[in-house]
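The values are calculated or read from the model by the stated rules, or taken from the named source; none is laboratory data. What you are looking at is a predicted structure, and each value in this text was computed from that prediction instead of being measured. Positions of Cβ are backbone-derived with ideal geometry, glycine not excepted, and every protein chain shown enters the neighbour counts. For accessibility, only protein heavy atoms count, side chains too; no ligands or nucleic acids. Shrake-Rupley method; radii C 1.70, N 1.55, O 1.52, S 1.80 Å.
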Amino acid sequence: MTVMTAVAEGREGDQALAAGIAEARLLGTDLVVVNLRLSALDHSGLPEDVTITLVERSGPGDRDPVDAVLDEIEARPGIDRLVIGIRRRSPVGKAFLGSVSQRLLLQSPVPVVAVKPPADRSP
């Protein structure tokens with residue numbers, strides 16, 4: 001059993017990484033992190049109590065982010081769930097398909113845990 005996390009840009013990527021680490025700890029398993037960001041993921045912030053395999057892409061021209069994640073799931077038969085971050089969207093935004101998170105929810109061959117960042121509670 002292994003958990004995979006797709007880490008995109010922004011708060012939703014940070015939230016997905018934190019949730020993926022928590023899920024791996026809860027299940028006592030390894031974590032595969034697919035970095036979908038334009039820059040390399042900072043290794044210094046990763047915990048040492050979870051075995052983490054980091055998969056870096058070589059940039060936005062590498063391949064479609066959804067294909068990158070799905071290819072990694074296919075290449076690693078032990079993946080049992082995928083953790084992704086989702087962005088808060090307006091009702092109109094929800095009507096449009098095509099976002100990375102939405103495509104992963106629909107196309108993933110393994111169960112998907114979708115987490116969203118907390119709402120801004122600024123006064």
Close pairs from the range 66-83: first at negative phi and touching a residue at least 12 places away in the same chain (Cβ under 8 Å), partner open to solvent by 60 Å² or more (accessible area, probe 1.4 Å) and assigned to a helix (DSSP H, G or I), Cβ under 6 Å, at least 6 apart: Val66/Arg103
Positions within the range 34-73 being outside any helix (DSSP H, G or I) and farther than 23 Å from Ala22 by Cβ, in sequence order: Leu38, Ser39, Arg57, Ser58, Gly59, Pro60, Gly61, Asp62, Arg63, Asp64
Leading residue by the ranking (least open to solvent (accessible area, probe 1.4 Å)) among those in the range 1-50 that are modelled with pLDDT under 95 and of a type in the set (S, T, N, Q): Asn35
